[in-house]
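Step one of this worksheet: look at the structure below.
The values are calculated or read from the model by the stated rules, or taken from the named source; none is laboratory data. Since this is a predicted model, take the numbers as computed values, not measurements. We place every Cβ from the backbone using ideal geometry, glycine too, and count neighbours over all the protein chains shown.
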Amino acid sequence: MFSIEKNKDLTALNSLAFKSSAESYCRIEQETDLSQAISFVKKNNISFQVLSGGSNLLIAEYVTGLTLHMQIKGRKLVCETNDELILRVAAGENWHDLVSYTIKQNWQGLETLALIPGLVGASPVQNIGAYGKEIKDVLVKVRAFDVKQLDFIELDVEQCEFSYRDSYFKRNPGRYIITSIDIKLSKKFTINKNYKALELYFSENNITVIKLKDIFNGICVIRASKLPNPDKISNAGSFFKNPCISHSEFSALSIDHPEIIGYRISESEVKVAAGWLIENCGWKGYQSKGVGVYHKQALVLTHSGGANLGQLLRLAEKIKNSVFDKFSITLEIEPQHFP
């Protein structure tokens, strides 16, 4: 049932745990709630923003307008064959819970995306990815509410215009509100051990006959060893995108910095590990007045309490400047500003 709360505390709804409140707030538990909410916004000529899992946000202390908290739940098997299936998942489902569910069903496709925080609806916006896999690799279509046309639409994977940590939705903020996604998963298991950390996990645990759950468990162990649990250490995950540079630029940097970490992504570009750049500028483990850089992974900025968003952004700017001064590479912040 559509209802609005005033001055809603959002502190517990953002993983950086910055103090925040919403001028107006409503839970979206079904598509009719969303239609009513947007009608309310249009009628009262106010702004709105969509809150998902709060794990990839830089949230303001006071959020004006109407905050729509996406909480639509549900999973549905759309169709299946002997080899594959299509699963429809509502936007308010927890992403890691979804991955765990598919592993229990022995369906392959999401196993390397384990332990990514947040809800399903945000996954296409950011084109979430890890260990060689992105949501675009399994996505069939997205159902969303078009705020401009005031109607629900469906977009296939090509229409989503995915690229590295980017999408059509991200480039058109406020236009579309995702309510569900359809993903294609495989019933046949194929092994992909392209990552040394995963191979090492198998070796250390004497796993020779590799099963789907072993890859899932391995990814969980690896991610937990590098990235802090937001429930224990407030953070927004990877704070900077891994920058992409030309092969010639990477070769030039490799002369002075032979240990630099980069991955060829095309004939023209190399993706450089932003965490390596930040660590080699001396920031790993840095802490000051409630904000800092995680001691196990320099790509993650943390909030230990009592600080505000401005302090974190000033730290981020210092990090960006030092990386540019040393490597001539410009880092880009990954979390989205809210609103």
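Anything in the range 250-276 that is outside any loop (DSSP other than H, G, I, E, B), free of Cβ contacts under 8 Å to residues at least 40 places away in the same chain and either within 21 Å of A298 (Cβ to Cβ) or within 28 Å of the chain's Cα centre (by Cα) (or both)? List them, or say none.
First pass over the range 250-276, keeping only residues outside any loop (DSSP other than H, G, I, E, B): 250-256, 262-264, 269-272, 274-276.
Within this subset, residues satisfying the condition of being free of Cβ contacts under 8 Å to residues at least 40 places away in the same chain are 250-252, 254-256, 262-264, 269-270, 275-276.
Selection gives F250, S254, D256, G262, Y263, R264, E269, V270, G275, W276.
Go through the range 148-166 and give me each residue that's touching a residue at least 24 places away in the same chain (Cβ under 8 Å) and either touching a helix residue (DSSP H, G or I) at 6+ places or on another chain (Cβ under 6 Å) or under 30 Å from V270 (Cα atoms) (or both).
First pass over the range 148-166, keeping only residues touching a residue at least 24 places away in the same chain (Cβ under 8 Å): 148, 150, 152, 160, 162-166.
C160, F162, S163, Y164, R165, D166 - these are the residues of the range 148-166 that are touching a residue at least 24 places away in the same chain (Cβ under 8 Å) and either touching a helix residue (DSSP H, G or I) at 6+ places or on another chain (Cβ under 6 Å) or under 30 Å from V270 (Cα atoms) (or both).
Under the condition of being among the acidic types (D, E) and in a loop (DSSP other than H, G, I, E, B), the residues counted in the range 102-117 number 0. What are the pairs with Cβ atoms under 7 angstrom where one residue, in the range 284-312, is assigned by TED's automatic domain parsing to the domain that holds I333 and the other, located anywhere, is surrounded by fewer than 22 Cβ atoms within 10 Å (Cβ to Cβ) and among the acidic types (D, E)? Sequence gap at least six, or different chains. Final answer for the pair search is A298/E279; N308/E61.
Which ones in the range 85-108 are in contact (Cβ under 8 Å) with a residue 12 or more places away in the chain and either farther than 21 Å from D156 by Cα or among the small types (G, A, S) (or both)? Walk me through it before giving the result.
Step one: of the range 85-108, the residues in contact (Cβ under 8 Å) with a residue 12 or more places away in the chain are 85-96, 98-103, 106-108.
Result: A90, A91, G92, N94, H96, V99, S100, Y101, T102, I103, N106, W107.
Within the range 168-197, the residues that satisfy the criterion of being within 15 Å of D146 (Cβ to Cβ) and in a loop (DSSP other than H, G, I, E, B) are N172, P173, G174, R175.
Number of residues in the range 1-46 that are closer than 30 Å to K232 by Cβ and assigned to a helix (DSSP H, G or I) equals 3.
Of the listed requirements (1) out of contact with any Lys or Arg (no Cβ under 9 Å at 6 or more places or on another chain); (2) free of Cβ contacts under 8 Å to residues at least 40 places away in the same chain, D33 misses just one: (1). Just one of the listed residues (S322, S266, S304, S234) is more than 18 Å from R165 (Cα to Cα) and surrounded by fewer than 16 Cβ atoms within 10 Å (Cβ to Cβ), and it is S304.
Matching residues to (1) over 28 Å from A17 (Cβ atoms); (2) modelled with pLDDT of 95 or more:
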residue	(1), (2)
S203	yes, no
N206	yes, yes
N217	yes, yes
C220	no, yes
R223	no, no
L227	no, no
P230	no, no
S234	no, yes
G237	no, no
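Yes or no: the range 75-83 includes at least one residue that is in contact with an Asp or Glu (Cβ under 7 Å, 6 or more places away or on another chain) and at positive phi. Looking through the range 75-83, none of the residues is in contact with an Asp or Glu (Cβ under 7 Å, 6 or more places away or on another chain) and at positive phi.
Yes or no: the range 199-222 includes at least one residue that is in contact with a strand residue (DSSP E or B) (Cβ under 8 Å, 6 or more places away or on another chain) and either in the same structural domain as D83 (by TED's automatic domain parsing) or exposed (fewer than 14 other Cβ atoms within 10 Å of the Cβ) (or both).
Going through the range 199-222, the residues in contact with a strand residue (DSSP E or B) (Cβ under 8 Å, 6 or more places away or on another chain) turn out to be 212, 219.
If we keep only those that are either in the same structural domain as D83 (by TED's automatic domain parsing) or exposed (fewer than 14 other Cβ atoms within 10 Å of the Cβ) (or both) as well, we get none.
No, every residue in the range 199-222 fails to be in contact with a strand residue (DSSP E or B) (Cβ under 8 Å, 6 or more places away or on another chain) and either in the same structural domain as D83 (by TED's automatic domain parsing) or exposed (fewer than 14 other Cβ atoms within 10 Å of the Cβ) (or both).
Here L200 passes the criteria (1) in contact (Cβ under 8 Å) with a residue 12 or more places away in the chain; (2) assigned to a helix (DSSP H, G or I) except the one numbered (1).
Screening the range 48-101 for strands (runs of 3 or more DSSP E) wholly inside it with 2 or more residues that are surrounded by 19 or more Cβ atoms within 10 Å (Cβ to Cβ) and in the same structural domain as S21 (by TED's automatic domain parsing) returns the ranges 48-51, 57-59, 62-70. Output the number of residues of the range 156-183 satisfying the condition of being among the small types (G, A, S), modelled with pLDDT under 95 and within 15 Å of the chain's Cα centre (by Cα). So the answer is 1.
Across the range 129-146, which residue is farthest from E158 (Cα to Cα) among those that are of a type outside the set (D, E, K, R) and at pLDDT 95 or above?
Taking the range 129-146 as the starting set, the residues that turn out to be of a type outside the set (D, E, K, R) are 129-132, 135, 138-140, 142, 144-145.
Then drop every residue that is not at pLDDT 95 or above, which leaves 135, 138-140, 142, 144-145.
On the way: I135: 13, V138: 12, L139: 10, V140: 9, V142: 11, A144: 15, F145: 18 Å.
Filtering first and then ranking leaves F145.
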